[in-house]
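First comes the structure, then the notes that go with it.
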Amino acid sequence: MERPSLFLGEGRLVYELRRVAAPEDWQAMHAIRRATLFVPGRHHDEIVYDDKHPDDHDPANQPFLLVLDGAPIGVVRLDRRGGAEGVVRLVAIAPERQRQGHGRAMSNLVDAEARRWGLGKLFVNAYEGAVGFYQHTGWMAESWDPGELVGAASHCVQMAKRL
C-alpha cells in the first residue's frame, strides 16, 4: 500500500510531505506558488501563473505540500523523467517561513520520496538566487536539458543530484 505522506522529525519540529489531493491542498499549493514563485518582478518577463496547468495533473508528476504543525508552508513537484531519473520543480517555501531551515527539511523529504520511487538521480532548474541553497543540499551544476530554460526557467541554472 502506498503511503500518502512522509514525515521527518527535526528537533522539536515534525514535517510532513503530503501529496496534494484534497481541494484545500490545491488551494494552499497555488497560494504558496503565487506568493513565492510568481510575484511581480521575480521574472525578467511577466509570467502569468496557471493554476490549471496540465503538468500538475500528469500521472508521471506529483505535487506535494510541506506541512508543519498542520499548516502548509512549502510546495514542490516531483516529476518522473524516465528510467531512474526525476525532476524537482516549482520548489517554494512561503515567504514568511523562509531562511528558517524548512527548505532543507523539504529537500530531505523529497530525496526520501524520490528513493521510494526508485529514482537514483534528480535534476532541477534552480532559480539563480537559490543556487547556493542547492549546492549546500548536495546539488551540482549540470546541463541536463537546455531546452527547458525558457519562460519561468529562462534564467535558471541546471543542476543534478545523485541519491
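The values are calculated or read from the model by the stated rules, or taken from the named source; none is laboratory data. Everything numeric here is computed off the predicted structure, so don't read it as measured data. Cβ: placed from backbone, ideal geometry, glycine included. Neighbour counts: every protein chain shown.
Considering segment 82-121, and only residues there that are in contact (Cβ under 8 Å) with a residue 40 or more places away in the chain and assigned to a strand (DSSP E or B), the residue that is nearest to residue 141 (Cα to Cα) turns out to be 121. Of all residues in segment 104-113, at least one satisfies being touching a Phe, Trp or Tyr at 6+ places or on another chain (Cβ under 6 Å), within 18 Å of residue 32 (Cβ to Cβ) and surrounded by 13 or more Cβ atoms within 10 Å (Cβ to Cβ). For segment 27-65, taking the residues that are buried (at least 17 other Cβ atoms within 10 Å of the Cβ) and of a type in the set (A, V, I, L, M, F, W, C), the one that is modelled with the lowest pLDDT is identified as 38. Filtering segment 78-106 to residues that are in contact with a Gly (Cβ under 7 Å, 6 or more places away or on another chain), more than 17 Å from residue 57 (Cα to Cα) and aliphatic (A, V, I, L, M) leaves 84, 92, 93, 94, 106. Just to check your reading of the model, which residue among 124, 87 is under 26 Å from residue 50 (Cα atoms), in contact with a Cys (Cβ under 9 Å, 6 or more places away or on another chain) and at pLDDT 95 or above? None of the others qualify; the one that does is 124.
Contact map, segment 124-152: first residue closer than 18 Å to residue 76 by Cβ and touching a residue at least 12 places away in the same chain (Cβ under 8 Å), second residue part of a loop (DSSP other than H, G, I, E, B) and charged (D, E, K, R), Cβ cut-off under 9 Å, separation 6 or more or different chains; pairs are 125/145; 127/42; 152/42; 152/45. Considering segment 134-163, and only residues there that are β-branched (Val, Ile, Thr) and in a loop (DSSP other than H, G, I, E, B), the residue that is surrounded by the most Cβ atoms within 10 Å (Cβ to Cβ) turns out to be 137.
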